[in-house]
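Working notes, beginning with the structure itself.
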Amino acid sequence: MKFLCVVYEEPNNGLGPQTEKEADDLVNEHLDYDETLRQSGHWLIAQALQPVETATTVRMRNGKISITDGPFAETKEVLGGFVLIEAKDMEEAVQVAAGIPSARMGFIHVRRVYEFEKK
Amino acid sequence: MGNGTGISNGLTLKMSEDASEKLRETIDEIYRLESRRVLATLIRLLGDFDLAEEALHEAFTTALEQWGREGLPKNPRTWLVSVGRFKAIDNIRRRARFDSSLAQIANELGPNTENPFETEDEDIEDERLRLIFTCCHPALSPDAQIALTLRTVCGFTTEEIAHAFLTPPPTIAQRIVRAKAKIRDARIPYEVPSHADLPDRLDSVLHVIYLVFNEGYSASFGASLTRHDLSSEAIRLGKLLVELLAEPEAIGLLALMLLQESRRAARVSPTGELILLNEQDRSLWDRAQITEGLRLIQQALASRRFGPYTIQAAIAAVHARAATADGTDWNQIVALYDILIQADPSPIIELNRAVAVAMRDGPEAGLVIIEAILARGDLNDYHFIHSAHADLCRRLGKTAEARASYERALLLTQQKSEREFLERRLRELYNNAS
């Protein structure tokens, strides 16, 4: 079954990379972990997001599109990316999530994916 | 100039100083007239606001050196675009020695991009429009839209914007940096929106222009009621927009700003106190601005696609046409407010309508409407509703209520001339009572 590992960052908790070198290392570590998951058969898709400052909020109200800036980085936790995995149960999904490098700096929400069938 | 007779070294030197002084003046003038259009084109060609600003600066520096030796090019604007672009590509190439991804960017920008010398004038006009729509993109916060528009479209310095908005320069600088980063990283397109999106996106542009105008017209905080620079800049921007895109609401907004601006000299007494419309010396109103405003309203109304700005301008026009306050056609003003409420429902417009009703039917009729708005709790923190309420109570002889409302209004505004006006009214009430 599928699980979504939603990656949150806490930019102000001081646990993130401090130097450019550390940031580069972190990117490499992420790419390596993707490769590990591919080989173990867990990996479906993973993406990291541009900083929250680039986010735009879209709403449809009364047939009209409304576009606003934000949400903003002032919130303590920001969505940083996601990893969609195949795992046999929540236990296994949590093990996979714990290995995502971001788990050491922010946190990961693990959510099981609905698998709807059209009725 | 430069006739080479060389009467004396001193004279030659003097002449070349004159020449360079003259060249500097010419270049200053070209900067004033053309720099925004050159910048708009460079942003499109280079795909980056910061690179384009840097390129603009270098192009003018080069002009200062080269035009002195070789004379003015036939078309200074296209020369500046071309030189700016080559300088930018040069800079990217130089930096690319340390970063291979930049080398690719430099190559993409290089020989294959279109030659700016072939760009037609109309296209360049379009580019300023592109710049306006991008700076006012709704995905940027309103604060950022204003700062970026003043910086790039109007050419204000960060310090000038900070001064105009009574905000520390680093705050403005940060807003601009963030806005540029968002445009770049979130891939906000540098373009005039498609026909389907145009009305909504135009709203956002008009809103920014009107905010700038209002900030100048009635400074919300501090000593100066009229910060003329911002208002005239907003009008200039409004004219540019109408020139580039003759949409009825853009025309309506320009008319509205001109008609409001026409009253500037009459709005504040020599001692800096606010003078209400009905008490203004109408001979001080700027006739040229009124004439232009009235002409624009006709144009906007004739389109039959007008909206709230045009209707507000039409209301301002009724005032502008009245030779005296007593001669104001309040019937027409109330009727226009009725249309405006349909087009753009808001409690502030209801309040303005109530004031017009009071003028037409007497204070009691206006008071009923204002008290209904207050009862809904919509505008309880808005100082104008309390001062309007106070004014009607005063005219009805309800002194205690008038006093309470003036005091409430006083708590809600920091603007010096507004405060002085309210304090004067309060003093009058106390004096009459004793």
May I ask you to list the lysines whose Cα is less than 29 Å away from that of residue B:398, ignoring any residue fewer than eight positions away on the same chain? B:416
Going by the alpha-carbon gyration tensor, a ≥ b ≥ c the square roots of its eigenvalues, is the protein assembly as shown rounded (a/c under 1.5) or, if a/c is not under 1.5, prolate (a/b greater than b/c) versus oblate? oblate
Specify the angular offset, from 0 to 90 degrees and rounded to the nearest 10, of the alpha carbon long axis of helix B:9-46 from the longest principal axis of the alpha carbons in chain B. 70 degrees
So which lysines pass the test for residue B:22, namely a Cα distance under 27 Å, with those fewer than 8 places away in the same chain ruled out? B:14, B:74, B:87
Starting from the Cα of residue A:22, step 7 Å toward the Cβ, then list every residue of segment A:94-119 with an amide N under 12 Å from that point. A:105
Across peptide B:172-179, what mean number of C-beta atoms from other chains lies inside 10 Å of a residue's C-beta? 1
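Near residue B:417, within a Cβ-to-Cβ distance under 11 Å, what is the net charge of the other residues, with Lys and Arg +1 and Asp and Glu -1?
My count for the surroundings of residue B:417 gives 0.
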How long, wide and thick is segment B:281-383, going by the Cα atoms along their three principal axes, in whole angstroms, largest first? 42, 33, 24
Loop chymotrypsin sites (Phe, Trp or Tyr not before Pro), segment A:5-80, which have at most 14 other Cβ atoms in a 10 Å radius of their Cβ (DSSP): A:72
Report the longest stretch of chain B that contains none of the GluC sites (Glu not before Pro) sitting in a DSSP loop with at most 14 other Cβ atoms within 10 Å. B:192-434
Quickly work out the residue B:50-to-residue A:90 label distance, labels modelled 7 Å from Cα along the C-beta direction, and quote it in nm with one decimal. 4.6 nm
Which whole-Hz ³J(HN,Hα) couplings does segment B:149-162 yield from phi under the Karplus relation 6.51 cos²θ - 1.76 cosθ + 1.60, θ = phi - 60°, glycine and proline marked x? 5, 5, 5, 8, 7, 9, x, 5, 7, 4, 5, 5, 5, 4
List the residues of segment A:12-48 whose backbone N lies under 18 Å from a point placed 7 Å from the Cα of residue A:1 along the Cα-to-Cβ direction. A:42-44
Length-normalised contact order for segment A:1-91 - Cα pairs under 8 Å, 6+ apart - percent: 49 percent
To the nearest 10 degrees, the tilt of helix B:330-343 (Cα long axis) against the first principal axis of the alpha carbons of chain B is 60 degrees
Between the Cα axis of helix B:416-433 and the main Cα principal axis of chain B, the angle (0 to 90°, nearest 10) is 10 degrees
Give the calculated FRET efficiency between residue A:109 and residue B:185 to the nearest 0.05, with a Förster radius of 30 Å applied to their Cβ-Cβ distance. 0.75
Hey, with R₀ at 30 Å, roughly what FRET efficiency would residue B:62 and residue B:171 work out to, going by the Cβ-Cβ distance, to 0.05? 0.35
Hey, if we sort A:6, B:177 by accessible area with the 1.4 Å probe, largest down, what's the order? B:177, A:6
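Rounded if a/c is under 1.5, else prolate if a/b beats b/c, else oblate: with a ≥ b ≥ c from the C-alpha gyration tensor eigenvalues square-rooted, which is chain A? Show your work: numbers first, answer last.
Values: a/c = 2.19, a/b = 1.09, b/c = 2.00.
It is oblate, given that a/c is not under 1.5 and a/b is not larger than b/c.
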Antiparallel bridges, percent of DSSP beta bridges restricted to the protein assembly as shown (to nearest 5): 95 percent
Using Cα pairs closer than 8 Å and at least 6 residues apart in sequence, work out the relative contact order for chain B, in percent. 9 percent
Length gain on complete extension for the stretch residue B:325 to residue B:70, per 0.36 nm per residue less the alpha carbon to alpha carbon distance? 85.6 nm
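The values are calculated or read from the model by the stated rules, or taken from the named source; none is laboratory data. Since this is a predicted model, take the numbers as computed values, not measurements. Cβ: placed from backbone, ideal geometry, glycine included. Neighbour counts: every protein chain shown. Only protein heavy atoms, including side chains, enter the accessible area calculation; ligands, DNA and RNA are left aside. Shrake-Rupley method; radii C 1.70, N 1.55, O 1.52, S 1.80 Å.
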